[in-house]
Amino acid sequence: DLTEMHTMLSERVKEWSHLHRQAGLKEGLEQGLEQGIEQGLERGIEQGLERGIELGEARTLKRLLTKRFGELSADALQRIDSATLVQLEVWLDRVLDADSLAAVLD
């Protein structure tokens, strides 16, 4: 009968629509996850490189200051260890011309 066939076709269309929507969602989630992982890795590598540069600059600054002014105080070491890369670069630029440790770190 025609009504039955119409109902059956309508149900099939709903099923197919649901299946395609599920497949699309799954594909979208997979792509989103993949992109998220890639972006996370890139960001992590970037942050790791930046941190490595900061540590290297801090180590160099400590060595130069120690050779120039003697053993560094705990406060000076803490300030160097918590400094930003920009601040470390400013201090490194001052090391050769400064008359005192305070002149470098102030």
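The values are calculated or read from the model by the stated rules, or taken from the named source; none is laboratory data. Just so it is clear, the structure is predicted and the values come from calculations on it, not from any experiment. Here the Cβ is made from the backbone with ideal geometry for all residues, glycine too, and neighbour counts use every protein chain on show.
How many of the residues making up segment 79-97 are among the small types (Gly, Ala, Ser) and free of Cβ contacts under 8 Å to residues at least 12 places away in the same chain? Residues in segment 79-97 being among the small types (Gly, Ala, Ser) and free of Cβ contacts under 8 Å to residues at least 12 places away in the same chain: 1 in total.
If you go through segment 51-72 and keep only what is over 28 Å from the mean Cα position of the chain (by Cα) and free of Cβ contacts under 8 Å to residues at least 24 places away in the same chain, you end up with ARG63, THR66, LYS67, GLY70, GLU71. Screening segment 1-99 for helices (runs of 4 or more DSSP H) wholly inside it with 2 or more residues that are at pLDDT below 95 and of a type outside the set (Val, Ile, Thr) returns the ranges 2-69.
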